[in-house]
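Visitor: Sharing a structure below in structure tokens format, with a few things to ask.
The values are calculated or read from the model by the stated rules, or taken from the named source; none is laboratory data. Not measured: the values here are computed from a predicted model. All Cβ positions, even for glycine, are placed from backbone atoms using ideal geometry, and neighbour counts span all protein chains on display. Accessible surface areas use protein heavy atoms only, side chains included; no ligands, DNA or RNA. Shrake-Rupley method; radii C 1.70, N 1.55, O 1.52, S 1.80 Å.
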Amino acid sequence: MKYSTPSLDINLNAVKHNYNIIKKYCKNSEVCGTVKASSYGLGGHNKIVNKLIKSGCKRFFVANINEGIFIRKKFKSIIINVLNGLNKDEERIFRKYNLIPVINSVTQLKKWLKFNKNKKKLIVHFDTGMCRLGIQEDRINEVIKLKNKLDEYKEVIIMSHLACSGDKRDKYNEIQRLRFEKIKKKLPGYKYSLAASGGIFLGKKYHYDLVRPGINL
């Protein structure tokens, strides 16, 4: 018996179309591009990133530092955020390749604030119920104590991630949004991001300043 090799055709114009649809739907928010895990297994990282850049995307999220380096070598001017955060002895690598770690713990935050002399961009992730990455809600007071140092940055983004956004009827979405609102009130004056792919279609109140579509691109 002979077996044929499966193949997958990627229509880059469809990626552009999807991005533009999301921009229209989220007209008051910046639409970023989440291209983690080799663009959700599609491969062609550079081609997909390039198409999104030409569509107006300026800010990207990747899973780990290696993905960030790979993209940075091709694209010098875009903003690249690394979701896995700041791991041991990675500070100088982040600086060398102009990458931004998504800060996932108070320890990471203190380490990055001490190391990073470039006070341009900072992104801090709180766990509101995904239970995967992010600073726990009960440690927010430790972050508040560092607020004067956060305020030294030109741009600070406070983000979280929804656990059940694929189901519009799931009440946990609203529970997480309200938790995020509490964090927003305790850390005012920044930019905020809650919705990834599924969260985008929960409505405007989930959009905030940035949305992070990935698989729906």
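Visitor: Enter the angle in degrees (range 0 to 90, nearest 10) between the Cα long axis of helix 45-54 and the first principal axis of the Cα atoms of the chain, meaning the one along which they spread out most.
Guide: For helix 45-54, the angle is close to 80 degrees.
Visitor: Here's another thing I want to ask about it. Computed from these coordinates, which is mean projected area of the Cα convex hull in nm²: (1) 14.9; (2) 13.0; (3) 14.1?
Guide: It is the value labelled (3).
Visitor: To continue, here is another question. Amide H to amide H, which residues 5 or more places from Gly33 or on other chains are under 5 Å from it, using H placed in the peptide plane?
Guide: Those lying under 5 Å, H to H, from Gly33 are Arg59, Phe60, Phe61.
Visitor: If you don't mind, there's one more thing I want to ask. How big is the dipole moment of segment 1-138 about its Cα centre under a simple scheme where the beta carbon of each Lys and Arg is +1, that of each Asp and Glu is -1, and everything else is neutral? Debye, nearest 20, please.
Guide: Working: 27 positive and 9 negative charges, 164 e Å.
With only Lys, Arg, Asp and Glu charged at Cβ, the dipole is about 780 debye.
Visitor: Whenever you get a sec, line up Asp89, Asp170, Asp9, Asp127 from highest to lowest accessible area (probe 1.4 Å, protein heavy atoms).
Guide: Working: Asp89 115, Asp170 55, Asp9 140, Asp127 10 Å².
If we order Asp89, Asp170, Asp9, Asp127 from most to least accessible, we get Asp9, Asp89, Asp170, Asp127.
Visitor: Taking amide H atoms as placed 1.01 Å from N in the peptide plane, list the residues 5 or more away in sequence, or in a different chain, whose amide H sits under 5 Å from that of Tyr192.
Guide: Ile158, Asp209, Leu210
Visitor: Which of Ile22, Ile123, Ile144 moves the most in a Gaussian network model of the chain with Cα springs under 10 Å?
Guide: Of Ile22, Ile123, Ile144, the most mobile in the Gaussian network model is Ile144.
Visitor: I would also like to ask the following. Hey, if you drop one equal point scatterer on each alpha-carbon of segment 1-94 and run the Debye formula without solvent, what base-10 log of I(q)/I(0) do you get at q = 0.22 Å⁻¹?
Guide: -1.13
Visitor: Still on this structure, I have one more. Enter the accessible area per residue of segment 40-112 (Å², integer; probe 1.4 Å; all protein chains in place).
Guide: Working: 3570 Å² over 73 residues.
Accessible area per residue, segment 40-112: 49 Å².
Visitor: Which whole-number percent gives the relative contact order of the chain, counting Cα pairs below 8 Å spaced six or more residues apart?
Guide: Values: 348 pairs, mean separation 41.8, N = 217.
For the chain, the relative contact order is 19 percent.
Visitor: Roll a 1.4 angstrom probe over the protein heavy atoms and tell me the percent of accessible area of the chain that is carbon or sulfur. Walk me through the numbers before you get to the answer.
Guide: Values: 6070 of 11900 Å².
That fraction is 51 percent.
Visitor: Which of the GluC sites (Glu not before Pro) found in segment 126-180 are loop residues per DSSP with 15 or fewer other Cβ atoms within 10 Å of their Cβ? The partial results should precede the final answer.
Guide: Details: sites: Glu137, Glu142, Glu152, Glu155, Glu174; in loops: Glu152.
Within segment 126-180, the qualifying GluC sites (Glu not before Pro) (loop, at most 15 other Cβ atoms within 10 Å) are Glu152.
Visitor: Now for a different question. Taking only protein heavy atoms into account and a 1.4 Å probe, give the accessible area per residue of segment 133-216 in Å².
Guide: Working: 4330 Å² over 84 residues.
Here the per-residue accessible area is 52 Å².
Visitor: For Ile215 and Glu155, compute 0.36 nm times the residue count separating them, minus their Cα-Cα distance, and round to one decimal in nm. Display every interim value, and only then the final one.
Guide: Details: separation 60, 0.36 × 60 = 21.60 nm, distance 2.64 nm.
Between Ile215 and Glu155, full extension yields 19.0 nm more.
Visitor: Label Tyr172 and His45 with points 7 Å out from Cα along Cα→Cβ: what is the distance between them in nm?
Guide: 3.1
Visitor: Normalising by the residue count of segment 35-156, find the relative contact order in percent from Cα pairs under 8 Å and 6+ residues apart. Can you show the working numbers first?
Guide: Values: 157 pairs, mean separation 21.1, N = 122.
The value is 17 percent.
Visitor: Let me ask something additional. In sequence order, what are the phi-derived ³J(HN,Hα) couplings for segment 16-29 according to the Karplus relation 6.51 cos²θ - 1.76 cosθ + 1.60 with θ = phi - 60°, rounded to whole Hz, with x for glycine and proline?
Guide: Listing the rounded values in order: 4, 4, 4, 4, 5, 4, 5, 4, 5, 6, 10, 5, 9, 10 Hz.
Visitor: Ok, one more. Order Asp167, Asp151, Asp138 by their accessible area, 1.4 angstrom probe, all chains in place, largest first.
Guide: Details: Asp167 60, Asp151 80, Asp138 130 Å².
Output order, biggest surface exposure first: Asp138, Asp151, Asp167.
Visitor: Continuing with this model, one more query. After finding the eigenvalues of the alpha carbon gyration tensor for segment 108-188, what semi-axes result from the square roots of 5 times each, listed largest first in whole Å?
Guide: Working: eigenvalues 138, 29, 25 Å².
Values for segment 108-188, descending: 26, 12, 11 Å.
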